[in-house]
Amino acid sequence: MEKKNQLVVNKKQLLKSIVIAFIIGGLVFVTAVLPAEYGKDPIGTGKFFGFSKLYTNENSNQLNFKKIEFKDVGSPSNIIKPLEANNPVPVKQFDLIQDSITLNIPAKKGIEYKVQIRKYGSVKYEWHSQNKEIVFLDFHGEVAEKNPPKEVFYESYTVAYSNNMAGTFTAPFKGKHGWYFKNLSNKEITITIKLKGQYKLFN
Amino acid sequence: MKMDHKKLFIFSLLCFLSVSIYAHGVDDATQAFLLGNKGIAFGPFLYIGAKHMITGYDHLLFLIGVIFFLYKKKEILIYISFFTLGHSATLLFGVLSDIQMNAYLIDAIIAASIIYKGFDNLGGFKQIFGKQPNTKVAVLIFGLFHGFGLATKLQEFKFDKDGLLVNLLGFNLGVEIGQFLALGFVLILFDFWRRHNSFIKFSKITNTVLMAAGFLLLAFQLTGYFLN
């Protein structure tokens, strides 16, 4: 009654099929899937064919970072704000300039980039990571002091996880203002900062 | 029957256009919805279920294996019913009783089910073990695991528990609709292919490729399990 068009395969052919299936599956896995999905490249095919480029570290793509709280903002409360912060506004600000700065942040490392801005100097900024990787950042400033202590006071303007940000910044005091970027991934991240306003670069 | 061909063609074309196999799991937009959703949302969950099934290549590969040598509509219906029964039971049970399973291990078992079916289609059990296990029971059991896989996928997102049952039923119904659409498409292709001798001629290769895909997915999931 049940006329099945089952194929007839003998034992030898069957074993051959299994071995072939195993080899094909394994080969595709090692050459392509492993480099592209897990960033592991045991025989170098990921680099050769470019599959490795598809791998993105989970840290850089997911927004499951730890919550940022008051205690993460600025220097510890036992460090008092220097009196120099109350200095009068200067008559003249730095000349209006613009720059584009590229930073390479090594894997798992942090980098600071700061510029000089006088009190109430205004600077427009924008920054982004090249491949949209998310980094930890602390946009902050240090008051210019005659005799800075070991542990300097700093004020955080923005602490966040992001891959891009832009805005206008008016300095609350004369000093160094800029960003601390922390690369959370296992790969180098390139960040480009654009600035336009009343500031001066450190050279 | 003749007149139906045109309809079938359009249907299959629509199926094909709607199938964009890019990733298994739940994509970013869906994830955003799941996380932000409050209360009853039958329609969206239905859609997510259907989409998950149509883009879920592991479920589809297993089903292709299951229906590969099924020629009668009645038989196909019986096997698919067993599969549906299995995965619906564990999907509902898993989510409602909040059973958390490791997604990699469940998906590894699903991958193993693909290898099993390819092996079975090649007559492997008769050849090597001299005995054919009950294929209907096997489909039911693997259906149970596929259901746990679906449950785990849905649970990965801590979505609102308000209206959970209705949403869950929507998701489940969506899964069946997705399965129906995908299977319809596969069956139409098989229907044409089976009229040619190449079907039997290539069936050995096809099932070997099926097993290869199973091995690949198994390695993929196990690696994921051990790395995380």
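Read the figures in this text as sums done on the coordinates, not as results from a lab. This one's a predicted model, so the numbers in the text were calculated from it and none came from an experiment. Methodologically, a virtual Cβ is constructed for each residue, glycine included, from the backbone with ideal geometry; neighbour enumeration extends over all protein chains shown.
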Mind pulling the angle between the C-alpha long axis of helix A:11-28 and the longest principal axis of chain A? Nearest 10 degrees, somewhere in 0 to 90. 10
Reachable aspartates and glutamates from B:LYS204, Cα under 18 Å, same-chain residues fewer than 8 places away excluded? B:ASP120, B:ASP191
Order of A:ARG118, B:ARG194 - criterion: other Cβ atoms within 10 Å of each residue's Cβ, fewest first: B:ARG194, A:ARG118
Note: A:11-24 gets an average of partner chain Cβ contacts (10 Å, Cβ to Cβ) equal to 6
Could you pull out the pairs from A:LYS66/A:LYS150; A:LYS40/A:LYS182; B:LYS72/B:LYS117; A:LYS146/A:LYS194; A:LYS71/A:LYS182 whose alpha carbons sit more than 26 Å apart here? A:LYS66/A:LYS150; A:LYS146/A:LYS194
B:SER198/A:ILE20 FRET efficiency (R0 25 Å; Cβ-Cβ; nearest 0.05): 0.85
As I understand it, the dipole of the stretch A:67-126 uses +1 on the Cβ of Lys and Arg and -1 on the Cβ of Asp and Glu, about the Cα centre. Which of A:SER75, A:ALA107, A:SER122 lies farthest toward its positive end? A:SER75
Given labels modelled 7 Å from the Cα in the Cβ direction, how far is it in nm from B:ASN102 to A:GLU84? 5.6
Exposure proxy ranking, count of Cβ atoms within 10 Å, fewest first, for B:ASP162, A:ASP95: A:ASP95, B:ASP162
Computed E for B:ILE128/A:GLU37 - FRET, C-beta separation, R0 35 angstrom, nearest 0.05: 0.60
Using only the alpha-carbon atoms of the stretch B:68-120, report the extent along each of the three principal axes, biggest first, to the nearest angstrom. 39, 23, 9
Provide A:TYR180, B:TYR71 in ascending order of the number of other Cβ atoms located within 10 Å of each residue's Cβ, fewest first. B:TYR71, A:TYR180
What is the sum of charges, Lys and Arg at +1 and Asp and Glu at -1, for the other residues whose Cβ falls under 14 Å from the Cβ of A:GLY74? -4
Which far-off residues, 5 or more places away or on another chain, put their amide H under 5 Å from the one on A:LYS176, with H placed in the peptide plane? A:GLU142, A:ALA144
Using modelled amide H (1.01 Å from N, peptide plane; none on Pro or chain starts), what sits under 5 Å from the amide H of A:TYR157, excluding residues fewer than 5 places away? A:PHE139, A:HIS140, A:GLY141
Which one of A:ILE24, A:PRO90, A:THR170 is farthest out on the positive end of the charge dipole of chain A, using unit charges on Cβ (Lys, Arg +1; Asp, Glu -1) and the Cα centre as origin? A:ILE24
Quick calc of log₁₀ I(q)/I(0), the protein assembly as shown, Debye, one scatterer on every Cα, no solvent, q values 0.08, 0.09, 0.10, 0.11 1/Å, result -0.64, -0.74, -0.84, -0.94
For the stretch B:119-228 (alpha-carbon point model, no solvent) the Debye-based log₁₀ I(q)/I(0) at q = 0.22 Å⁻¹ works out to -1.37
Determine the principal axes of the Cα atoms in the stretch A:70-203, then give the extent along each, sorted from largest to smallest and rounded to whole angstroms. 44, 36, 25
Give the cross-link partners of A:LYS47 among the lysines, using a straight C-alpha distance below 19 Å as the criterion and excluding same-chain residues fewer than 8 apart. A:LYS187
How long are the semi-axes of the equivalent ellipsoid of the stretch A:78-148, defined as square roots of 5 times the Cα gyration tensor eigenvalues? Whole Å, largest first. 28, 18, 10
Label-to-label distance, nm, for residues given as B:ASP162 and A:GLN13 (7 Å Cα→Cβ offset): 6.2
Quick one: if you stick a label point 7 Å off each Cα along the C-beta vector at A:LYS200 and A:LYS132, how many nm between them? 4.0
Karplus-derived HN-Hα couplings along the stretch A:125-133 (A = 6.51, B = -1.76, C = 1.60, θ = phi - 60°), whole Hz, x at Gly and Pro: 9, 8, 9, 8, 8, 4, 10, 6, 5
Which of the peptides B:148-154, B:51-57 is most tightly packed, and how do the rest follow, going by the mean number of other Cβ atoms within 10 Å of each residue? B:148-154, B:51-57
